[in-house]
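Input: a single structure, listed below in structure tokens.
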Amino acid sequence: MCMADTFLKLDHVKKYFGGVKALKGVSLEVKCGEIHCLAGENGCGKSTLIKVISGAHNATEGEIYIEGKRIDKLTPIDSIRMGIQVIYQDFAVFPNLSVAENIAMNHALMTGAKKMKWKEARELALHAMEQIGAHMDPDILVERLSVANKQMVAICRAIINDAKLLILDEPTTALTANEVEKLNIIIRNLKEKGMAIVIVNHKLDEIYRIADRLTILRNGENVATGMIEEFDRARFVKCLTGHEVADDIYRPEYFEEEIVKVENLTKKGAFENVNFTLRKGDVLGITGLLGSGRGEIGDALFGLAPAETGTITLNGKKIEIRSVQDAMKYKIGYVPEDRLTQGLFMDRSICQNTVAASIGRYMEKTGLDHKKMKEVTWQWIKTIGCAASSSEAMMRTLSGGNAQKMVIAKWLNTEPSLLILNGPTVGVDVGSKADIHTILHELAKKGIGIMIISDDLNELIHNCNKLIIMKNGQTSGIIETGDMSEAELTGLLNSGM
Amino acid sequence: MNKKVKQILTTNEIIVVYIIIALCILIGIVNPVFLGMSTAITLSRAMLITLIFAICEMVVIISGGIDVSFPAVACIAMYSTIRFVIAFGIESPIFAYGMVALIGLAFGALNAYLIAKIKLPPLIATLGVSSVANGATLAFLGTKEISNIPEKMDALSKVFLISYTNSQGITYQLTALILIPVSMIIVAYYVLKYTMLGRGIYAIGGDKNAARIAGFNVTRIQFIVYMSSGLFAGIGGLTYTILMRQASPQSLMGSEMMVIAAVVVGGTRITGGHGTVIGTILGVLLIAIVQNNLIMLGIPTHFQTFVVGLIIVIGTSITSLRAKKIANSAKV
């Protein structure tokens, strides 16, 4: 384990890529036995910083000390040998191999083994799982594990390599509230054993629950470092974004007009007898633990996996949704959970992405009206507050928050009557998050039905005036959010009312 | 424990075993002679070449790729070697095997270069190399069938391990060349299961990026995989010629579908990362039975292609459906 008091020290580390200054001088100190959270909006240099620490990038300037020793040049293998382990967002596990093999493989590679010793691998895996209190069948293939358990495998794999510093890159993005709690217990446990831990995260509430110390990065610089107690919510947000962000609660005026009415919607194995009404001005939230059927309702309304029975009434008209084409005909838009693979063409321009769902409109006799497409895209870029320099830039060049804004713009360009958003702000930074919420509220006021499917309770409380809680495919309650606190809601979720 | 037994009884391999047993019983009822030593010998002989190719193809598919160039590589390696040894009067089979292996290795390296370095999709790369190799054979080496194989090489086809004479006095003999696929099976089994290289092949088939982060040399592994595939394609080609006692520049062309079918029916997932040597042997056995023995059920010859096609479609669908079921099943 970690021997010195300070495990890692970075002193004015700079990293330039050509003319781009990704890190403009970051100083960071990580102590043994502490949980250090690294927060910052997308594009603030967090990923670059991690890559410098893991040896994947060489710092352009600045000094790195590990356990008090000055390191001149840090290579990936050096970094691992010195006890630095990074758990990436996608965990980098092998779905086709067993739990035991996944855990033991890096160790075997690090020691330069030529042979695969199955018995040793199994023992190593069991030992690692015991250390963090995970219980998995070591012989099961990782493809059969839940996201949370895949993460456990990644953690086990990291700690058996004598990790002294464990870096977790946004470890909670795909976890439910319960799983986050379990993860926190494991992280605290590792800390007790003297391990230094860095967590990259930008969910405020999660940071408050786990961090000892906090460093906030903005535009490649560390703007603040200190014990977590020194940061109240307002200071935190201000450091993060550079400006004050209003933390309003959405309370719409009351309208009689019903936009969507769903009655007895059922799809066997996914959800049963779902009923709700969405009035003009409403922002309706759907939440529940993973597997509760919350995402499936969205999929059903958009025709991805249509419901079997039940009626859907949209603006007073009974409609039947059997396919995505049906849904689009009735002007329903869907922002999927995973924008990278389901919502965007990453290697296409912003313009092509923006008109993707409304391309028919730009069809002229002689072909597509490119000029009009570009104009419309540029208008959306401005309206929605996307930081893009041109409508022709590749989607891949946008940060998570800006990309998500364009997914929303794509659907707004179809002039939807109902917009369903599944995890609208996953992987989106605080500033963009607030922007997206404002956009949604404005749309709701204009009479577009807005449904948010999410497990970000804070987001739901602040943005939805009505909330459906799903449990095992059933609606276990419909509540007006009122002044409900996050803790109360967590209680409801886990008890299922 | 019960669950584990159930798991074992429903693995891909066991399902293929069920089908093989069912087919054998069916054929055995119609023609009891089938269930005898003679069938074992004929089938082993029929499986010999397919096994050589199938083992390599399996390794390539596990690594997340595919190789459709092996028949063309086998043909060019074998045909150029035969013409060379005849022209220079070289008798040694060892020299001939060395030469086919080297030519095969070179084409394998070309495949690997295109796939690992230039990053072409494996199907496109090997399709292109296949065309190049086949075209070169016909354009530069000619189209003549050669039947005057050097004597010492020809003699290899007459070395037998087992001889069996049935009641009617017909003699069945098992060629010693069967030792080539048998030793390949043993080596492949060991390498895939018990060496880091073998696990690396599975790892890159599962997730290339994760393999790179874990510290595997992905490019090196891909080179090893495609080069061994080329090498054994050459050896398979020459072995085929010795068994047939004549060299034809096109003889193996078109066998890739059948080989890939055997591999996939044996439980190797076409998307990479999964597959076993045992499964591949069973897949090859199943296809061999269908090709050689369906006639005993009174099914006319031209129906065999139809049945092989059917097996490919059904077999691959089952594997694919299982993969989909696992993807959708409740996670633990």
Item to check | Only one of A:GLU263, A:GLU253 that is more than 20 Å from A:HIS437 (Cβ to Cβ) and among the acidic types (Asp, Glu) | outcome: A:GLU263
Item to check | Any hit, segment B:258-268, residues being farther than 30 Å from B:ILE82 by Cα, within 14 Å of chain A (Cβ to nearest Cβ) and touching a helix residue (DSSP H, G or I) at 6+ places or on another chain (Cβ under 6 Å) | outcome: yes
Next on the checklist: Checking the condition surrounded by 23 or more Cβ atoms within 10 Å (Cβ to Cβ) and in contact (Cβ under 8 Å) with a residue 60 or more places away in the chain, which residue from B:GLY254, B:GLY236 passes?
Outcome noted: B:GLY236
Item to check | Residue count for segment A:314-357, restricted to those that are among the hydroxyl-bearing types (Ser, Thr, Tyr) and within 30 Å of A:THR173 (Cβ to Cβ) | outcome: 4
Checklist outcome for this item: Checked segment B:33-79 for anything at pLDDT 95 or above, small (Gly, Ala, Ser) and either surrounded by fewer than 23 Cβ atoms within 10 Å (Cβ to Cβ) or in a helix (DSSP H, G or I) (or both); matches are B:ALA54, B:ALA72, B:ALA74, B:ALA77
Item to check | Exclusive hit being in contact (Cβ under 8 Å) with a residue 24 or more places away in the chain and either within 14 Å of another protein chain (Cβ to nearest Cβ) or surrounded by fewer than 15 Cβ atoms within 10 Å (Cβ to Cβ) (or both), set A:GLU272, A:GLU229, A:GLU257 | outcome: A:GLU257
Item to check | Every pair of residues 6+ apart whose Cβ atoms lie under 9 Å, when the first sits in segment B:185-204 and is touching a residue at least 60 places away in the same chain (Cβ under 8 Å) and more than 9 Å from every other protein chain (Cβ to nearest Cβ) while the second is hydroxyl-bearing (Ser, Thr, Tyr) and part of a helix (DSSP H, G or I) | outcome: B:ILE185/B:THR280; B:ALA188/B:THR280; B:LEU192/B:TYR202
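For every residue, the table says whether it meets (1) modelled with pLDDT under 85; (2) under 28 Å from the mean Cα position of the chain (by Cα); (3) within 25 Å of B:ALA210 (Cα to Cα); (4) not assigned by TED's automatic domain parsing to the domain that holds A:LYS117.
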position	(1), (2), (3), (4)
A:LYS31	no, yes, no, no
A:GLY43	yes, yes, yes, no
A:ILE66	no, no, no, no
A:PRO76	yes, yes, yes, no
A:ILE84	no, yes, yes, no
A:VAL99	no, yes, yes, no
A:ILE103	no, yes, yes, no
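Kindly indicate which of A:ILE186, A:ILE216, A:ILE197 is surrounded by fewer than 20 Cβ atoms within 10 Å (Cβ to Cβ) and either in contact with a strand residue (DSSP E or B) (Cβ under 6 Å, 6 or more places away or on another chain) or outside the structural domain of A:ALA444 (by TED's automatic domain parsing) (or both). Full working, then the answer.
Numbers: A:ILE216 fails: surrounded by fewer than 20 Cβ atoms within 10 Å (Cβ to Cβ); A:ILE197 fails: surrounded by fewer than 20 Cβ atoms within 10 Å (Cβ to Cβ).
Being surrounded by fewer than 20 Cβ atoms within 10 Å (Cβ to Cβ) and either in contact with a strand residue (DSSP E or B) (Cβ under 6 Å, 6 or more places away or on another chain) or outside the structural domain of A:ALA444 (by TED's automatic domain parsing) (or both) holds for just one of A:ILE186, A:ILE216, A:ILE197, which is A:ILE186.
Quick one: which of B:ALA288, B:ALA262, B:ALA211 is part of a helix (DSSP H, G or I) and either at pLDDT 95 or above or more than 16 Å from the chain's Cα centre (by Cα) (or both)? Can you show your working first?
Numbers: B:ALA288 fails: either at pLDDT 95 or above or more than 16 Å from the chain's Cα centre (by Cα) (or both); B:ALA262 fails: either at pLDDT 95 or above or more than 16 Å from the chain's Cα centre (by Cα) (or both).
Step by step, each of B:ALA288, B:ALA262, B:ALA211 is checked, and only B:ALA211 is part of a helix (DSSP H, G or I) and either at pLDDT 95 or above or more than 16 Å from the chain's Cα centre (by Cα) (or both).
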Next on the checklist: Please go through (1) farther than 20 Å from B:SER229 by Cα; (2) part of a helix (DSSP H, G or I) for B:GLN168 and return the number of the only condition it doesn't satisfy.
Outcome noted: (2)
Item to check | So A:ILE103, is it surrounded by fewer than 22 Cβ atoms within 10 Å (Cβ to Cβ) and either in a strand (DSSP E or B) or within 12 Å of chain B (Cβ to nearest Cβ) (or both) | outcome: no
Checklist outcome for this item: If you go through A:VAL223, A:VAL198, the only one that is among the hydrophobic types (A, V, I, L, M, F, W, C) and in contact with a His (Cβ under 8 Å, 6 or more places away or on another chain) is A:VAL198
Item to check | Test: residue in segment B:308-324 that is part of a helix (DSSP H, G or I), away from chain A (no Cβ under 14 Å), over 20 Å from the mean Cα position of the chain (by Cα) and within 16 Å of B:ILE19 (Cα to Cα) | outcome: yes
Checklist entry - When A:LYS365 is evaluated against the numbered criteria (1) free of Cβ contacts under 8 Å to residues at least 40 places away in the same chain; (2) under 31 Å from the mean Cα position of the chain (by Cα), which criterion, by number, is the only one it fails? => result (2)
Checklist entry - Just to be sure, is A:THR287 closer than 23 Å to A:ASP456 by Cβ and part of a strand (DSSP E or B)? => result yes
Checklist entry - Can we say A:ILE210 is at pLDDT 85 or above, assigned by TED's automatic domain parsing to the domain that holds A:GLY333 and touching a helix residue (DSSP H, G or I) at 6+ places or on another chain (Cβ under 7 Å)? => result no
Checklist entry - Across segment B:267-285, what is the number of residues that are modelled with pLDDT under 90 and in contact with an Asp or Glu (Cβ under 8 Å, 6 or more places away or on another chain)? => result 1
Checklist entry - Would you call A:LEU145 within 7 Å of chain B (Cβ to nearest Cβ), touching a Phe, Trp or Tyr at 6+ places or on another chain (Cβ under 7 Å) and in contact (Cβ under 8 Å) with a residue 24 or more places away in the chain? => result no
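Here's the yes/no breakdown for (1) assigned by TED's automatic domain parsing to the domain that holds A:GLU488; (2) crowded, with 19+ Cβ neighbours inside 10 Å; (3) closer than 19 Å to A:GLY291 by Cα:
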{"residue": "A:HIS135", "(1), (2), (3)": "no, no, no"}
{"residue": "A:GLU143", "(1), (2), (3)": "no, yes, yes"}
{"residue": "A:ILE159", "(1), (2), (3)": "no, yes, no"}
{"residue": "A:PRO171", "(1), (2), (3)": "no, yes, no"}
Checklist outcome for this item: Flagged in segment A:1-41 as part of a strand (DSSP E or B), farther than 14 Å from A:ALA224 by Cα and of a type in the set (D, E, K, R), in numbering order, are A:LYS9, A:ASP11, A:LYS14, A:LYS15, A:LYS21, A:LYS24, A:LYS31
Checklist entry - Any idea how many residues of segment A:77-95 are more than 17 Å from A:VAL13 (Cβ to Cβ) and buried (at least 16 other Cβ atoms within 10 Å of the Cβ)? => result 10
Checklist entry - Can you tell me which residue in segment A:60-97 is farthest from the other protein chains (Cβ to nearest Cβ), limited to those that are within 30 Å of B:GLY200 (Cβ to Cβ) and among the small types (Gly, Ala, Ser)? => result A:GLY83
Checklist entry - Which one of A:LYS115, A:LYS9 is within 14 Å of chain B (Cβ to nearest Cβ), touching a strand residue (DSSP E or B) at 6+ places or on another chain (Cβ under 9 Å) and of a type outside the set (A, V, I, L, M)? => result A:LYS115
Next on the checklist: Any residue that is surrounded by fewer than 22 Cβ atoms within 10 Å (Cβ to Cβ), under 24 Å from A:ILE187 (Cβ atoms), touching a residue at least 12 places away in the same chain (Cβ under 8 Å) and polar (S, T, N, Q) - is there at least one of those in segment A:57-73?
Outcome noted: no
Next on the checklist: I need every pair where a residue in segment A:381-405 that is at positive phi and surrounded by fewer than 23 Cβ atoms within 10 Å (Cβ to Cβ) has its Cβ under 8 Å from the Cβ of a residue that is of a type in the set (D, E, K, R) and outside any loop (DSSP other than H, G, I, E, B), sequence separation at least 6 or different chains.
Outcome noted: A:GLY385/A:LYS405; A:GLY385/A:ASP435
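The values are calculated or read from the model by the stated rules, or taken from the named source; none is laboratory data. Nothing here was measured: the structure is a model prediction, and the numbers come from that model. Cβ coordinates were reconstructed from backbone atoms using ideal geometry, including for glycine residues, and neighbour counts include every protein chain displayed.
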